[in-house]
Amino acid sequence: MIQIDRRVFTLHTRNTTYQMKADGHHVLLHTYYGPRVSGEDLSYLIQYADRGFSPNPQEAGDDRTYSLDTLPQEYSTCGGGDFRLPSIEFERPDGSLTADLRYAGHELRKGKYGLPGLPALWGGDEWETLVVFMEDAAARMRVELYYGVLERHDLITRAVRVVNRGETAVRLRRCASMCLDFQGGDFDFITFDGCHTLERNLNRAPLRPGVQSVESIRGMSSHHHNPFVILCGQNADEDHGLCYGAALVYSGNFLAAAERTQLEHNRLLLGINPYHFCWTLEPGDSFTAPEAAMVCSPNGFGEMSRQYHRAIRENLIHDPLQGRDRPVLINNWEATEADFDGEKLLEIARAAAPLGMDLFVMDDGWFGRRDNDASSLGDWYVNEKKLPGGLEALVPRIRALGMSFGIWIEPEMVNEDSDLYRAHPDWTLGVPGRPRTRGRSQLALDFSRREVRDHVYASIKKVLDGADISYVKWDMNRSLTDVWSAALPSDRQGEVFHRCVLGVYEMLDRLRGDYPRMLIESCAGGGGRFDLGMLYYTPQIWCSDNTDAIDRLAIQYGTSFCYPVSAMGSHVSAVPNAQTGRSVPLETRGVAAMSGTFGYEMDLSLAAPEDRALIRKQTAFFKEHAGLIQNGDYYRLTGLGGPFTAWEQVSPDHREALISVVYGAARAAAPFRALRLKGLDPALRYQVNGQGSYPGDVLMRAGWPLPPLRGDYPAVQLYLQAL
Ligand code: DGJ
């Protein structure tokens, strides 16, 4: 996978090649990333020209064509002539900010590198690792560039470790995880943006001169922009064209920036956001930037997504269920919010059990004196007024119905109206002398502090140990503000954002270690922390607080560009929908939720008999096809905004497929339409919904006629089985 020829480093995956070269000045130039080619030295592609105002390093002598400003850099520096986006910036004791990195050696390793305290893709000998050592001799800083190559998924990971090898402290102000330069090309930049209840809408625009970026400065990856972006050819679509995905394995502040330069070169940068970031490195200290995962697809977005999905399922997620299907769950939140007692929960559970639900999840409202969202976060003990006898009494009754039991927590937060806050007001993030900014009436605990985490962990562990609990929903319901820690000196306050993220990871790691068979679903007011960092610890993430099936089509569509179906928490809820007021048929709500982890979030004790019958069918159908739905190859058959939205899951052996189609609002005299399927074996014949059979090539090229359906937002599913 990794070829090294003198100082040319070529990384091959099954369909792609990535190359860099340390040149005569020891500058590490990026030479190529694209469809697989042989391991030739591709530096002949680099063009040198004398450009006005692009300066030349001393050692270039009279050669004015040699400038860091115009040459494609593997990991860009600053202050020495590259005026584009810097990957790294550090402040030395003399106040200087220039960084100058030169190649100083490399190491090739079998297997995948790991990152202490940070999530990262993992695996055995299917990986190879390259470490390239860069040195800034004057600053005595070493920068190690890590590359992990996973051939079968066309995936290359990158990470960066910075070591202070000098005798004085240095302040690291920027440290991107990846930089990707292209000396030419016209690209589109695709980002996934939105807000609470409308996350990850795809936005695509041609890269124009200057920097275009998305970021989060909220202390979480955020509802507003996702740390996954795409650079692609302007002709790229689902099945054609070159595209590059870049995903950060990180859950805090990030910056994803694309720059088109004076010479129409392009740079993509992804990593921790430099906003309020400054990390002091004492002599001998090191800092590790989070991992970035790149997938290049020469054949459009569909292939790129499928490669991400496979790599995430096989090399990122830790499966507590060890291959068993995820449980179909019933969650009480939209049915009751915090207004429930044990009897109400049992009523919902009794209605859910015969309909095929495997897991009952008790959401927010079970602890302290939590009757609304203004109190009790931090007081992780059962409210016995609501649940007499505690979980010891409730859980066996749920289990007696044949369901396992799950519980909601929000460990990172505290309400001022709580015993925890009254005892430890200084445990929250907050700037001395300033009033603390509230979000949802709550404050954020200072998770950079070990004693804070230890206290919260111990109180939650007590709850988890006191009953038979097989699932935890870990929520987080506000952005971070007033980010200042009482435990750190003034010159280290720029570390707090990142230290809080590391604190969350450390606690999730403990939770996973202590309860290896427990399923953890993460959540941040819906999909405010939907990223590869959280997925490493929690195999599923609640996709959005918006459960309207039609809005969900868009949210899940955008999410699917990087993240697999098995990661997307998705539930059927009641109509009219609580977020939009829209009424969508139950069939359609089932079809939309089924392309996720699947569950229900409504008061099933109120469901009409015909709805119960349909729900029973839906859960049975889902369970029958859970493997195909969650682990099959995912194809987006349409975009959004057309007369219908369709997608498909195909088994890896191409013998089975499930096609889901959701129509738009009703219209008279709807035109005839055929849907062309994808990913089938052209040589096989497929039976469609147990009836007539058709050849794969015909279904893919000529298509399948969609039945005319009446009403708003009806849905159909086709199950294909090879004969
Ligand atoms: C936000 C989550 O996204 C909801 O599902 C629910 O758990 C509430 N928080 C509870 O406060």
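The values are calculated or read from the model by the stated rules, or taken from the named source; none is laboratory data. Since this is a predicted model, take the numbers as computed values, not measurements. Cβ atoms come from the backbone with ideal geometry, glycine included; neighbour counts cover every protein chain shown. With ligands, DNA and RNA removed, areas are computed over all heavy atoms of the protein, side chains included. Shrake-Rupley method; radii C 1.70, N 1.55, O 1.52, S 1.80 Å.
Over the Cα atoms of the stretch 129-234, what Rg and Dmax result, in angstrom?
In order Rg, Dmax, the Cα atoms of the stretch 129-234 give 17.5, 50 Å.
Each residue of the stretch 709-720 in order: what ³J(HN,Hα) in whole Hz does its phi give by Karplus 6.51 cos²θ - 1.76 cosθ + 1.60, θ = phi - 60°, with x for Gly and Pro?
Per residue, the Karplus-derived 3J(HN,Hα) values read 10, 9, x, 7, 6, x, 9, 10, 10, 10, 10, 10 Hz.
Viscosity 1.306 mPa s, temperature 10 °C: Stokes-Einstein D of the stretch 1-150 from its Kirkwood Cα radius, in µm² per second?
Translational diffusion coefficient: 95 µm²/s.
Of the heavy-atom accessible surface of the stretch 78-147 (probe 1.4 angstrom), what whole percent is carbon and sulfur?
For the stretch 78-147, the apolar C and S fraction of the accessible surface comes to 53 percent.
Could you tell me what percent of the accessible area of the stretch 212-316 is made up of carbon and sulfur, with a 1.4 Å probe and every protein chain present?
C and S fraction of accessible area: 44 percent.
Take the alpha-carbon positions of the chain, form their convex hull, and give its projected area averaged over all directions (one quarter of the hull surface) in nm².
Dividing the Cα hull surface by four gives the mean projection, 32.2 nm².
Using a cut-off of 13 Å between beta-carbons, work out the net charge of the residues near residue 221 (Lys and Arg +1, Asp and Glu -1, residue 221 not included).
-1
So if a site counts as exposed when it's one of the trypsin sites (Lys or Arg not before Pro), its DSSP state isn't H, G, I, E or B, and it has at most 11 other Cβ atoms within 10 Å, what's the longest stretch of the chain without one?
Answer - 7-323.
Which whole number in µm²/s is D for the stretch 504-651 by Stokes-Einstein, with the Kirkwood Rh taken over Cα pairs at 4 °C and 1.567 mPa s?
In µm²/s, the coefficient is 80.
Counting only protein heavy atoms and a 1.4 Å probe, tell me what percentage of the stretch 612-687's accessible area is made up of carbon and sulfur.
55
As an exercise, identify the chymotrypsin sites (Phe, Trp or Tyr not before Pro) in the stretch 600-668 lying in DSSP coil whose Cβ has no more than 14 other Cβ atoms within 10 Å.
Within the stretch 600-668, no chymotrypsin sites (Phe, Trp or Tyr not before Pro) qualify (loop, at most 14 other Cβ atoms within 10 Å).
I need the P(r) histogram for the stretch 171-303: all alpha carbon pairs, bin width 5 Å from 0 out to the longest distance, whole percents.
Here the calculated profile for the stretch 171-303 is 2, 10, 19, 22, 19, 14, 8, 4, 2, 1, 0.
Give me a comma-separated list of calculated 3J(HN,Hα) values for the stretch 433-445, in order, Karplus coefficients 6.51, -1.76, 1.60 applied at θ = phi - 60°, integers in Hz, x for any Gly or Pro.
Ordered by residue, 3J(HN,Hα) equals x, 10, x, 6, 7, 8, x, 6, 6, 10, 10, 9, 6 Hz.
Treating cross-link reach as a plain straight distance, find the lysines whose alpha-carbon is under 19 Å from the alpha-carbon of residue 473, omitting any fewer than eight places away in the same chain.
461, 462
Could you pull out the chymotrypsin sites (Phe, Trp or Tyr not before Pro) across the stretch 9-90 that fall in loop regions by DSSP (anything but H, G, I, E, B) with no more than 11 other Cβ atoms inside 10 Å?
Taking the stretch 9-90 and a limit of 11 other Cβ atoms within 10 Å, the loop chymotrypsin sites (Phe, Trp or Tyr not before Pro) found are 53.
Identify unpaired cysteines across the chain, taking unpaired to mean no other cysteine Cβ lies under 4.7 Å from the residue's Cβ.
That list is 78, 175, 179, 195, 278, 296, 500, 523, 543, 562.
To make sure I understand the rule: partners must be lysines, Cα under 16 Å from the Cα of residue 344, and not fewer than 8 residues away in the same chain. Which ones qualify?
Qualifying lysines at Cα under 16 Å: 385, 386.
How much of the DSSP bridge set in the chain is antiparallel, in percent, rounded to the nearest 5?
Here the antiparallel bridges make up roughly 85 percent for the chain.
Just to confirm, what accessible area per residue do you get for the stretch 166-214 at 1.4 Å probe, in whole Å²?
41
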